[in-house]
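Here's the structure, in structure tokens; my notes come after.
The values are calculated or read from the model by the stated rules, or taken from the named source; none is laboratory data. Since the model is a prediction, treat every value here as computed from it, not as a measurement. When we count neighbours, we look across all protein chains shown, and the Cβ atoms used for this are built from the backbone with ideal geometry, even at glycine. Accessible surface areas use protein heavy atoms only, side chains included; no ligands, DNA or RNA. Shrake-Rupley method; radii C 1.70, N 1.55, O 1.52, S 1.80 Å.
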Amino acid sequence: MPAQLISGAKIAEEIREELKDRIRGLIKKGTTPGLVIVRVGEDPASVSYVSGKSKACEELGIYSETLVFPENTGEKELLAKIEGLNKNPRFHGILVQLPLPRHIDSNRVLYAINPQKDVDGLHPVNVGDLLIGKSCLIPCTAHGVQQLLVRSGNSPEGKHVVICGRSNLVGKPLMAILIQKRDGANATVTMCHTGTRDLAAIVRQGDIVVAAMGSPKAITADMVKEGAVVIDVGVNRIPDPAKKSGFRLVGDTDFDAIKEKAKAITPVPGGVGPMTVTMLMVNTVRAAQMQVPP
Ligand SMILES: NC(=O)c1ccc[n+]([C@@H]2O[C@H](COP(=O)([O-])OP(=O)(O)OC[C@H]3O[C@@H](n4cnc5c(N)ncnc54)[C@H](OP(=O)(O)O)[C@@H]3O)[C@@H](O)[C@H]2O)c1
């Protein structure tokens, strides 16, 4: 039987509806949640991601501004700007779109953001809090993956989750979320990377497989056990002369073959992608709630 299709678009919509109530509640108390997005340079993917984020804010009634700096902006100048935004009460969330130009140390910039406004959840204070199980702002994609699992009826509790990819952005925070002793988590997690020997044998043990590698169709059907749940985080452009753009997007899994074998699977696009932006909205509202005096 073909796999259940886990629609990120549908689940993201459900979460956005829930958020509207929280936003209305904040506005009633005199606070409109505010997000500032900082973009440096004109990387086309960044331009597109930033516009998606600001559109999501607009649709939900979150105030947002996008600050665009030229490619040659100095690190000191950017740090001074962040310092100003930390003090600006109009913004409860600050998002610096990555990647930054090479001459800027991304870590230095991310560490300069007030952790309470760090809606990407990448500041070491939030990273540490997540690991020790304290309430914090959680990295959006990883949080989105957990929500996809829980809300599609595929809770990770008690399951063996194999995560392929150990990035600070996706793999590691997802591991930190899923190992917590709490509802919607409490999983046994194995983390794979390029140093993993016999990836296929390990992936085959997963009740849930999360592919976050940035490697097109790296997870094939023979690597997935019958009845597994497969979440594909990957977004890869591959050439496709049939498309006007000259490329199409594929994930890190061989969707067509795996869907005949898996219990459930996310599509690319339309799976994890819409969840990432939605969880950014969740974090912005959360940050506003944390910063509003009771
Ligand atoms: N949909 C979304 O919203 C969203 C958000 C974020 C990222 N993404 C996508 O998700 C993918 C991963 O992103 P990322 O930022 O986490 O990537 P990343 O920083 O490049 O990390 C990739 C990870 O995958 C591992 N890896 C790569 N190829 C592998 C292979 N053949 N076998 C085993 N491990 C392998 C790497 O191992 P090593 O550590 O050993 O190098 C690394 O840990 C990308 O396609 C990205 O575009 C999507």
key: Subset tally (residues that are within 13 Å of the ligand (Cβ to nearest atom), of a type outside the set (D, E, K, R), open to solvent by 60 Å² or more (accessible area, probe 1.4 Å) and free of Cβ contacts under 8 Å to residues at least 12 places away in the same chain) for the stretch 173-203   = 1
request  = Being in contact with a Gly (Cβ under 7 Å, 6 or more places away or on another chain) and open to solvent by 40 Å² or more (accessible area, probe 1.4 Å) narrows it down to one of ARG108, ARG90, ARG102, so name that one.
outcome  = ARG90
task = Name, by its number, the condition in (1) surrounded by fewer than 24 Cβ atoms within 10 Å (Cβ to Cβ); (2) touching a residue at least 40 places away in the same chain (Cβ under 8 Å) that does not hold for LYS117.
result = (1)
ask   = When the stretch 263-294 is examined, which residues are found to be more than 23 Å from the chain's Cα centre (by Cα) and either open to solvent by less than 40 Å² (accessible area, probe 1.4 Å) or within 16 Å of the ligand (Cβ to nearest atom) (or both)?
value = VAL292
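Residues of the stretch 204-246 being more than 11 Å from the ligand (Cβ to nearest atom), crowded, with 18+ Cβ neighbours inside 10 Å and free of Cβ contacts under 8 Å to residues at least 60 places away in the same chain, which ones?
GLY206, ASP207, ILE208, VAL209, VAL224, ALA228
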query = Looking only at the stretch 148-183, which residues are touching a His at 6+ places or on another chain (Cβ under 8 Å) and of a type in the set (Ser, Thr, Tyr)?
reply = none
inquiry  = Quick check on my filter: what residues within the stretch 222-268 are out of contact with any helix residue (DSSP H, G or I) (no Cβ under 8 Å at 6 or more places or on another chain) and closer than 18 Å to GLN4 by Cβ?
reply    = LYS225, GLU226, GLY227, ALA228, GLY251, THR253, PHE255, ASP256, LYS259, ALA262, LYS263, ALA264
message = One residue is enough: does the stretch 96-114 have a residue meeting the conditions modelled with pLDDT of 95 or more, over 20 Å from GLU75 (Cβ atoms) and not aliphatic (A, V, I, L, M)?
response = no
